[in-house]
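Notes follow the structure.
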Amino acid sequence: MAQKTQAIVAREPSAPGPNWTLEDVEVGPPARGQILVRMVASGICHTDIVLTSVPEGVLDIHYPKIVGHEGSGIVEAVGDGVTSVQPGDPVLLSFDSCRACAECTTAHSAYCDEFPVRNYGGSQQSWTIDKEKAWGSFFGQSSFSRLSVVSEASVVNAKDLIKSDDELKLFAPLGCGLQTGAGAITNIADAGANDVVLVLGLGAVGLAAIMTSKIRKCKTIIAVDRTDSRLQLAKTVGATATLNTTQEGFDLNQVIRKIAPAGASVVIETTGVPFLIEAALTGTARRGKFIMIGVTPLDFDVKMNGIAMINVRLPAIFSRSLQAVH
Ligand SMILES: [Zn+2]
Ligand SMILES: [Zn+2]
């Protein structure tokens, strides 16, 4: 039976900022392979904002839409076939995947064949607003709905991981931002003691990349942002140098070369800001890895100097950033 709840709803595309409203909605019971979760917390990721700015029909996006993909909560009920959780279990939520394609069955579910349709698009199966169908199941979870029907593939059972309700709230951003920054350093860059890591943008992703670089004992960790308080925070979690892009005459490549003459061996780009991306490409060392995570404007084409870029590695994550890391 459908239950009344509330959700933050995007009625239509909105840019540059979101135009979301808190609305009364109804959510249906969990179907086979689904779990009914009462959210206790959700992070907000830039992807929530970007994917409610694209026109109707682009990237499988339709409106009205309920987003949110860094949820944590308590299981209320489970559908048929669910084996990983029981009612009452605390859960942390991440992206959805089919669990059957070649990528999913070789432990690369972030590259699932069905990633865009399952995660950006979601489905109309479970939510209604004033009897009209709404698009939910965003990233398998639509965590901006207080009560949500969640895909079992999106769920991590946290009953043996967390010690309190406050921890369950605190760990909600593990589902996207924190694991993305940490995974970029460990899985994609495989950074180590000899690396010079440059992190552009100090949100959850960038700060997680800095913390993980410190754990990996990287010799130089350069943090770049436009906000002094974030740069200060970056220092406390592992940055060895900080750069403020708003300084007059700021030239990223020049400053990088002063700190590390050979350039950065690992670049973690989380801003999506075109001029920073182009400058950081130039500041990347020979055999360096440029890992692009930030979502650029839809019409942004990268300009790069082909000669200067010889021997710089651009992993697949570069061209498939949305699929790869969000
Ligand atoms: Zn798959
Ligand atoms: Zn995200």
Hey, can you tell me all the residues within the range 113-147 that are at pLDDT below 95, hydrophobic (A, V, I, L, M, F, W, C) and within 16 Å of ligand 2 (Cβ to nearest atom)? Phe115
Restricting to strands (runs of 3 or more DSSP E) lying wholly in the range 222-299: which have 1 or more residues that are without any contact (Cβ under 8 Å) to a residue 40 or more places away in the chain and in the same structural domain as Ala208 (by TED's automatic domain parsing)? 241-244, 284-292
Checking Thr242 against (1) more than 25 Å from Gly183 (Cα to Cα); (2) touching a helix residue (DSSP H, G or I) at 6+ places or on another chain (Cβ under 9 Å); (3) open to solvent by 40 Å² or more (accessible area, probe 1.4 Å); (4) at pLDDT 80 or above, which single condition isn't satisfied? (1)
Scan the range 27-86 residue by residue and report those that are of a type in the set (Asp, Glu) and either in contact with a Leu (Cβ under 9 Å, 6 or more places away or on another chain) or open to solvent by 50 Å² or more (accessible area, probe 1.4 Å) (or both). Glu56, Asp60, Glu70, Glu76, Asp80
List pairs: first residue in the range 74-99 and on the phi > 0 side of the Ramachandran plot and away from ligand 2 (no atom under 16 Å from the Cβ), second residue open to solvent by 50 Å² or more (accessible area, probe 1.4 Å) and aliphatic (A, V, I, L, M) anywhere in the structure, Cβ distance under 9 angstrom, at least six positions apart or on different chains. Gly88/Ile74
Every residue from the range 145-155 that is aliphatic (A, V, I, L, M), under 24 Å from His108 (Cα atoms) and surrounded by fewer than 24 Cβ atoms within 10 Å (Cβ to Cβ): Ala153
Please pick out the residue among Ser142, Ser137 that is on the phi > 0 side of the Ramachandran plot, open to solvent by less than 20 Å² (accessible area, probe 1.4 Å), within 16 Å of ligand 1 (Cβ to nearest atom) and not charged (D, E, K, R). Ser137
Failed condition for Val85, given (1) modelled with pLDDT under 95; (2) in a loop (DSSP other than H, G, I, E, B): (1)
Counted residues, the range 88-126 - those being within 9 Å of ligand 1 (Cβ to nearest atom), of a type outside the set (D, E, K, R), part of a loop (DSSP other than H, G, I, E, B) and surrounded by fewer than 18 Cβ atoms within 10 Å (Cβ to Cβ): 5
Those residues of the range 61-75 which are farther than 21 Å from Ile162 by Cβ and in a strand (DSSP E or B) amount to Lys65
Working only within the range 186-204, note down all residues that are touching a helix residue (DSSP H, G or I) at 6+ places or on another chain (Cβ under 8 Å) and open to solvent by 20 Å² or more (accessible area, probe 1.4 Å). Thr186, Ile188, Asp195, Gly203, Ala204
Could you tell me whether the range 45-60 includes any residue that is within 16 Å of ligand 1 (Cβ to nearest atom), touching a helix residue (DSSP H, G or I) at 6+ places or on another chain (Cβ under 7 Å) and not in a loop (DSSP other than H, G, I, E, B)? yes
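The values are calculated or read from the model by the stated rules, or taken from the named source; none is laboratory data. Because the structure is predicted, anything quoted here is derived from the model rather than measured. Virtual Cβ from ideal backbone geometry, glycine too; neighbours counted across all protein chains shown. Just the protein is used for accessible areas: all its heavy atoms, side chains included, with ligands, DNA and RNA removed. Shrake-Rupley method; radii C 1.70, N 1.55, O 1.52, S 1.80 Å.
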